[in-house]
Amino acid sequence: DKSFRQSYVHTRDHIDKFELVEILRDRYTVEPFPGYEKVKINYQLLKSIVVQEEKSWQTALSIVKGVYLISDLSNGKLYVGSAYGEYSFWNRWKEYAKNGHGGNLGLKEIIKVNGIEYADNFQFSLLETRGMNSEDDEIIRRESFWKDILLSREFGYNKN
C-alpha cells in the first residue's frame, strides 16, 4: 500500500518493505508462446526470443504460414508482411531480430536514417495464420488483402 501521491517509488526508501516471493531454479527467459491470437511483442522481446531460441516460440512460429503486422509505435505507420516456406514466421522474424528491417525497403530506409535503435519502436503481431499445406500464392494474396485494408502502401512502410 502506498501512503503517498507519486506514481513511482525510490527503491532505497522502500527496500525493507519488499518480500522475496520466489527464487527461480533456472535463469528467467521469455514467457512461453501465448497463442497465435495473442502475439504482440516489441523488438527487444523478439530479439530475446530469437537469441535464446525459445522453443515454444520457435515451434509455434515454424509450423504455420500467414500474414504479420509491424506497427511503428512512434508514428502509427504499418508494415504488412507474409511468411511462408521452411520455418515460415520463425525464419522471417529472425531476420528482423538481426537488423531491424528484415530486408524490407520501407523499414530499411528508416533504420538507415535513424539507426538500429529505431527498431525499438516496432511492435510485431500476427494478422492471420494458415496451415503449412496452404499454397504460398494464397498467403501472398492474403498479404495483399491486408495491405489494402490497412492502407499500408499509402500511409505505411509497404512499397509494393
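The values are calculated or read from the model by the stated rules, or taken from the named source; none is laboratory data. Not measured: the values here are computed from a predicted model. Here the Cβ is made from the backbone with ideal geometry for all residues, glycine too, and neighbour counts use every protein chain on show. Protein only, heavy atoms only, side chains kept; ligands, DNA and RNA dropped before computing areas. Shrake-Rupley method; radii C 1.70, N 1.55, O 1.52, S 1.80 Å.
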Relative contact order (%) - the chain, alpha-carbon pairs under 8 angstrom, separation at least six
28
Hey, what's the Kirkwood Rh for the range 121-160 if you take every pair of different alpha carbons, in angstrom?
11.4
Quick one: accessible area per residue over the chain, 1.4 Å probe, rounded to a whole number of Å²?
65
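Evaluate the range 7-86: find the radius of gyration of its Cα atoms, find its Kirkwood radius, and give the ratio Rg to Rh.
My calculation of the ratio gives 1.11.
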Tell me which of Phe145, Tyr118, Met132 sits at the most positive position along the dipole axis of the range 27-160, charges placed on C-beta atoms (Lys, Arg +1; Asp, Glu -1).
Tyr118
Charged-residue dipole, Cβ positions (Lys, Arg, Asp, Glu), the chain about Cα centre, Debye nearest 20:
280
Per the helix-only calculation at 222 nm, which mean residue ellipticity applies to the chain, given -39500 (n - 2.57) for every DSSP H run of n ≥ 4 and division by its residues, nearest 500 deg cm²/dmol?
-10500 deg cm²/dmol
Considering every Cα-Cα pair within the chain, what fraction, in whole percent, is farther apart than 18 Å?
64
For the chain, the accessible surface attributable to carbon and sulfur atoms (probe 1.4 angstrom, ligands and nucleic acids excluded) amounts in percent to 50
Of the cross-linked pairs Lys17/Lys38; Lys47/Lys159; Lys55/Lys77; Lys38/Lys94; Lys108/Lys147; Lys17/Lys47, which ones have a Cα-Cα span greater than 27 Å in the structure shown?
Lys17/Lys38; Lys55/Lys77; Lys17/Lys47
